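Q: Could you have a look at this structure, given as structure tokens, before my questions?
The values are calculated or read from the model by the stated rules, or taken from the named source; none is laboratory data. Please read these numbers as outputs of a predicted model, since none were measured by experiment. Cβ coordinates were reconstructed from backbone atoms using ideal geometry, including for glycine residues, and neighbour counts include every protein chain displayed.
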Amino acid sequence: MATLKLTTNDQVEVNNYHQDGNEDGGCSMSIAIPGQKLMDINSDVISGHGTYEHKDGIYSSLAGYVKLEENKEQPGKTMVSVQTTRHKHLVPVLGGLVTSRVTQATPRFCKVDIIAVEKSIFEIPFRGLLRKEDVRATEKDKVEIHKCFRPGDIVLCRVISVGDSQSYILSTAENELGVIVAYSEAGAAMLPISWREMQCPRTLAVEFRKVAKPTADYIDQIKELLHKIVIK
């Protein structure tokens, strides 16, 4: 059986092993986006559907699941391919809205996991970066990250570009974007009381956030999604 895993350089590492004396067609283990390097070119692996060779590497030309399988036309060689699915949104798109969870907050930026687009939750989250200058449209020099976001917050963002290492650059510089779910230090889901404050219903303590003001239509659209994310 041929399997693969992601290395620290976001490349696919191939491991071949036998189980019960059989070698099957491989299995999907990760998601790739267009332009992502999957592995170095070597004599045992060839590029298949949804991939291409460039210089010393094999790259993905599609968004989908990476698959390794034995090449029937060339026994002994493994073919790497990228298979698409029928999901409407497999990856975040430039200009699109995404739901993300803050994983780290520093004075200059937040690191987030992009966990969903519209009603679709990703099995494997994408990496995102929310920079200080992209938090709001005005008074950018006065933004203090710790007063806008904290780890664990669920944030509605817009994709503004693709950064290095297949991460997405995000923005909340619109009234409709920002924190949509946050928990207080007491562990309660907080309620928005202004565009920059949320309140704990248990202790009545007020905490700073960059609060989103999504439209009613959008709230109705993602109610089920938010429920799944919160209880996950």
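Q: Pick from region 70-120 the residues that are acidic (Asp, Glu) and out of contact with any Ser or Thr (no Cβ under 7 Å at 6 or more places or on another chain): which of them is surrounded by the fewest Cβ atoms within 10 Å (Cβ to Cβ)?
A: Glu73
Q: Restricting attention to region 77-95, does a residue exist that is assigned by TED's automatic domain parsing to the domain that holds Ala32, over 19 Å from the mean Cα position of the chain (by Cα) and at positive phi?
A: Scanning region 77-95 turns up no residue that is assigned by TED's automatic domain parsing to the domain that holds Ala32, over 19 Å from the mean Cα position of the chain (by Cα) and at positive phi.
Q: Still on this structure, I have one more. If Ile31 passes every condition in (1) under 16 Å from the mean Cα position of the chain (by Cα); (2) surrounded by fewer than 20 Cβ atoms within 10 Å (Cβ to Cβ) but one, which one does it miss?
A: Unmet condition: (2).
Q: Residue by residue through region 94-119, note down the ones that are within 20 Å of Gly64 (Cβ to Cβ) and touching a residue at least 40 places away in the same chain (Cβ under 8 Å).
A: Listed by number, the residues that qualify are Leu94, Gly96, Val98, Ile114, Ile115, Ala116, Glu118, Lys119.
Q: Return the residues of region 165-224 that are among the β-branched types (Val, Ile, Thr) and either surrounded by 13 or more Cβ atoms within 10 Å (Cβ to Cβ) or closer than 23 Å to Leu97 by Cα (or both); say none if nothing qualifies.
A: Listed by number, the residues that qualify are Ile169, Thr172, Val179, Ile180, Val181, Val206, Val211, Thr215, Ile219, Ile222.
Q: Got at least one residue in region 55-67 being of a type in the set (Phe, Trp, Tyr), surrounded by fewer than 17 Cβ atoms within 10 Å (Cβ to Cβ) and over 17 Å from Val179 (Cα atoms)?
A: Narrowing region 55-67 to residues of a type in the set (Phe, Trp, Tyr): 59, 65.
Those left that are additionally surrounded by fewer than 17 Cβ atoms within 10 Å (Cβ to Cβ): none.
No - not one qualifying residue is present in region 55-67.
Q: Of all the strands (runs of 3 or more DSSP E) wholly in region 58-135, which have at least 1 residues that are hydrophobic (A, V, I, L, M, F, W, C), under 27 Å from Val211 (Cα atoms) and touching a Gly at 6+ places or on another chain (Cβ under 9 Å)?
A: Numbers: elements: 64-70, 78-83, 97-105, 109-117, 120-131.
Fully inside region 58-135 and qualifying: 97-105, 109-117, 120-131.
Q: Let me ask something else about it. Only one of Thr103, Thr78 is of a type in the set (Ser, Thr, Tyr), farther than 27 Å from Arg150 by Cβ and out of contact with any helix residue (DSSP H, G or I) (no Cβ under 7 Å at 6 or more places or on another chain). Can you tell me which?
A: On inspection, the qualifying residue turns out to be Thr78.
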